[in-house]
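Notes follow once the structure below has been shown.
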Amino acid sequence: MSKPLKIAVSNQKGGVGKTTVAINVAGALADRGNDVLFVDLDPQGNATENLGMMERYDDPEPNLFTCLTDSTERERVREIICDHDEMDLIPSNIDMTAAEPELTLSRRSGEQLALLLDMVEDDYDVILVDCPPFLGNLMDNALFATQNVLIPALAESTSKRAFELLFDHVDALEYDYEIGIEDIGVVINRIDVRKTQATEMIEWIESAFEGKPTWKVRERAAIQKSLDSGQSLAKFDPDCDMVNVFDEIAVEIERVAESQVADGEATA
Ligand SMILES: Nc1ncnc2c1ncn2[C@@H]1O[C@H](COP(=O)(O)OP(=O)(O)O)[C@@H](O)[C@H]1O
Ligand SMILES: [Mg+2]
């Protein structure tokens, strides 16, 4: 059986739509028949809440914190996976706020998530990791475990600096761990076409990422409401015009998954 494609949804800037994009791409992939595992790696647990699983955020041991930071607990990961209508979820946990310093003390500080996912990944076609809004051990764990990154960004000038910081970080990680991290593409999110700056920034992003797909998600009240309802946009409001965009991202992810399997077979 082939390995699942793993993707980190990442940008160290907060509020750009990582959680929103991750949930909706996961929903679109599931709708297309993929078995999806969603990992909420953000200590704030927004995805856990937006998937309607907030009661799991206070779970006692085992939880994501114990499975990630205590190697003797790692094999209990199956016990912490919860069943959402559209996907499986590893929820975040209140104790994840202590994960950054705890991982610094660990011997293989960037590899713990990869080791944890090794235990369950054969059950899935795609694993999506929703990253926290900072560059630290958790982000390193997400990037190392997945080696693929999908980047949500706002059509604002602040995004230029955010890209620079993210790519410097990715480059350093690639060097340190001797890995290659693939960009799946950029999701330009919360576009408000009434703002002239938005058009300029969309053009800038498209030229900066030439050769990589860029998708455009508009500001939509239905997107906010779907998150409040604990489900993806496609389930909450199938007629919303942005459903199609998340579906297109899912199609591209399936294409990348197939090509990475083909590459793997070629080098095996
Ligand atoms: N396209 C959109 N239209 C409307 N609201 C959005 C959209 N994308 C994100 N939001 C809202 O913006 C807020 C921040 O998004 P979120 O996905 O949590 O960002 P991040 O995970 O990067 O911090 C959330 O309240 C979310 O509901
Ligand atoms: Mg988030």
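Sub-8 Å Cβ pairs linking a first residue in segment 72-93 that is over 19 Å from Ala142 (Cα atoms) to a second residue that is of a type in the set (Lys, Arg), at least 6 apart or interchain, are Cys82/Arg56; Asp85/Lys235; Glu86/Lys235, ordered by first then second residue. Figure legend. Inter-residue proximity from segment 188-204: first residues of a type in the set (Gly, Ala, Ser), second residues open to solvent by less than 80 Å² (accessible area, probe 1.4 Å), beta-carbon distance below 7 Å, spacing 6+ or different chains. Indicated pairs: Ala198/Ala155; Ala198/Ile191; Ala198/Asp192.
May I ask you to list the residues in segment 56-73 that are open to solvent by 10 Å² or more (accessible area, probe 1.4 Å) and within 16 Å of ligand 2 (Cβ to nearest atom)? Tyr57, the sole residue that qualifies.
I need the full set of residues from segment 149-169 which are under 17 Å from the mean Cα position of the chain (by Cα) and surrounded by 20 or more Cβ atoms within 10 Å (Cβ to Cβ), in order please. Break it down into steps so the answer makes sense when it comes.
Let us first name the residues in segment 149-169 that are under 17 Å from the mean Cα position of the chain (by Cα), namely 149-154, 162-163, 166-167, 169.
Once the filter is applied, which keeps residues that are under 17 Å from the mean Cα position of the chain (by Cα) and surrounded by 20 or more Cβ atoms within 10 Å (Cβ to Cβ), segment 149-169 yields Val149, Leu150, Ile151, Pro152, Ala153, Leu154, Leu166.
Return the total of residues in segment 43-55 being in contact with a helix residue (DSSP H, G or I) (Cβ under 8 Å, 6 or more places away or on another chain), open to solvent by 10 Å² or more (accessible area, probe 1.4 Å) and within 12 Å of ligand 2 (Cβ to nearest atom). Give the steps one after another, and end with the answer.
Going through segment 43-55, the residues in contact with a helix residue (DSSP H, G or I) (Cβ under 8 Å, 6 or more places away or on another chain) turn out to be 43, 45-51, 54.
With open to solvent by 10 Å² or more (accessible area, probe 1.4 Å) added as a condition, the list becomes 43, 46, 49-50, 54.
With the extra rule that they be within 12 Å of ligand 2 (Cβ to nearest atom), the set shrinks to 43, 46, 49-50.
Count: 4.
Provide a single number: the residues in segment 168-196 that are in contact with a helix residue (DSSP H, G or I) (Cβ under 8 Å, 6 or more places away or on another chain) and on the phi > 0 side of the Ramachandran plot. Let's see the steps before the verdict.
Going residue by residue through segment 168-196, those that are in contact with a helix residue (DSSP H, G or I) (Cβ under 8 Å, 6 or more places away or on another chain) are 169-170, 173, 177, 179-182, 184-189, 191-193.
If we keep only those that are on the phi > 0 side of the Ramachandran plot too, we end up with 185.
Residues meeting the conditions: 1.
Scanning segment 85-113 for residues that are under 16 Å from Phe134 (Cβ atoms) and assigned to a helix (DSSP H, G or I) yields Met96, Thr97, Ala98, Ala99, Glu100, Pro101, Glu102, Leu103, Thr104, Leu113. Residues in segment 77-109 that are buried (at least 21 other Cβ atoms within 10 Å of the Cβ), touching a Phe, Trp or Tyr at 6+ places or on another chain (Cβ under 9 Å) and either among the hydrophobic types (A, V, I, L, M, F, W, C) or under 22 Å from Val170 (Cα atoms) (or both): 5 in all.
The values are calculated or read from the model by the stated rules, or taken from the named source; none is laboratory data. None of the values given here were measured: they were computed from a predicted structure. Using ideal geometry, Cβ is built from the backbone for each residue, glycine included, and neighbour counts are taken over all protein chains shown. Heads up: the accessible areas ignore ligands, DNA and RNA and are worked out on the full protein's heavy atoms, side chains in. Shrake-Rupley method; radii C 1.70, N 1.55, O 1.52, S 1.80 Å.
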